[in-house]
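So the structure is just underneath, and the comments pick up after that.
The values are calculated or read from the model by the stated rules, or taken from the named source; none is laboratory data. Predicted, not measured: the structure shown is a model, and the values here were computed from it. Here Cβ is always computed from backbone atoms with ideal geometry, including for glycine, and neighbour counts include all displayed protein chains.
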């Protein structure tokens, strides 16, 4: 890879035998580890006035980038933003131990995303009267017909909740009543086809399910921040270390030793260039 800073040209190449290992302890039986190459940058040239004039005459800027380069960079930046969004969603679901999915829908063809977001915020506000500190991660999906609905990842709900003059009511009926009251004439509902004890699943699988909507936002040409929101929380930063005089194979073994040190489900990914390895594990809650 090449960078031009002012007049200076730099080439970036992986440093032989050097790797970065980042470890994430996410609690609730979840761990992640990432191994990546260390990139070293070498100064290779200084552009002359003639070179700069030549670039400008062809539509390049002072960094040696053309309009096509900027378009490619914009696309690459959007891809990176989408990946960061999926990472935030995944780690938030694991850290908050979110294992239940609610799908908030409308009978009306809800085309107004801003209105949908207002409904969702009011729904959360009312639900927190019954469950203080209620944590969640929400993804907004637009169907082919343009209608919006909300996929809401939450912690497993109690079987019963207080409601009105009744001492206890089944929690599914309570949350459906709240959503219908919030949406009013729009005809809100909670998708009964996904009920199955509120579609319980592991936080890891639920995170993977939600993360695909961040990538769908990218494919739709939308900014990921328009499709994702969450309760206030802070996921701990990972622990990062640089290793020298080693190999990718040895680093993968280290990542496995950290993430899979006991009974667990394991998911892995190796980039096609062999410059990045990722492992995610889900075991019994710690």
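Evaluate the range 99-111: report whether one residue or more is assigned to a helix (DSSP H, G or I), at pLDDT 90 or above and surrounded by 15 or more Cβ atoms within 10 Å (Cβ to Cβ).
no
Where residues in the range 163-190 are in a strand (DSSP E or B) and over 29 Å from residue 115 (Cβ atoms), which of them is nearest to the chain's Cα centre (by Cα)?
Out of the qualifying residues, it is 168.
Could you tell me whether the range 15-30 includes any residue that is loosely packed, with under 12 Cβ neighbours inside 10 Å, modelled with pLDDT of 65 or more and out of contact with any strand residue (DSSP E or B) (no Cβ under 6 Å at 6 or more places or on another chain)?
Scanning the range 15-30, I find at least one residue that is loosely packed, with under 12 Cβ neighbours inside 10 Å, modelled with pLDDT of 65 or more and out of contact with any strand residue (DSSP E or B) (no Cβ under 6 Å at 6 or more places or on another chain), so the answer is yes.
Would you mind stating whether residue 73 is in the same structural domain as residue 6 (by TED's automatic domain parsing), within 18 Å of the chain's Cα centre (by Cα) and modelled with pLDDT of 65 or more?
no
Among the residues of the range 214-237, is any modelled with pLDDT under 85, within 24 Å of residue 35 (Cα to Cα) and not assigned by TED's automatic domain parsing to the domain that holds residue 156?
Checking the range 214-237: at least one residue is modelled with pLDDT under 85, within 24 Å of residue 35 (Cα to Cα) and not assigned by TED's automatic domain parsing to the domain that holds residue 156.
Count, please, the residues in the range 147-159 that happen to be surrounded by 14 or more Cβ atoms within 10 Å (Cβ to Cβ) and more than 19 Å from residue 119 (Cα to Cα).
Residues that pass the stated criteria total 2.
So, in the range 3-29, how many residues would count as being part of a strand (DSSP E or B) and on the phi > 0 side of the Ramachandran plot?
Final tally of qualifying residues: 2.
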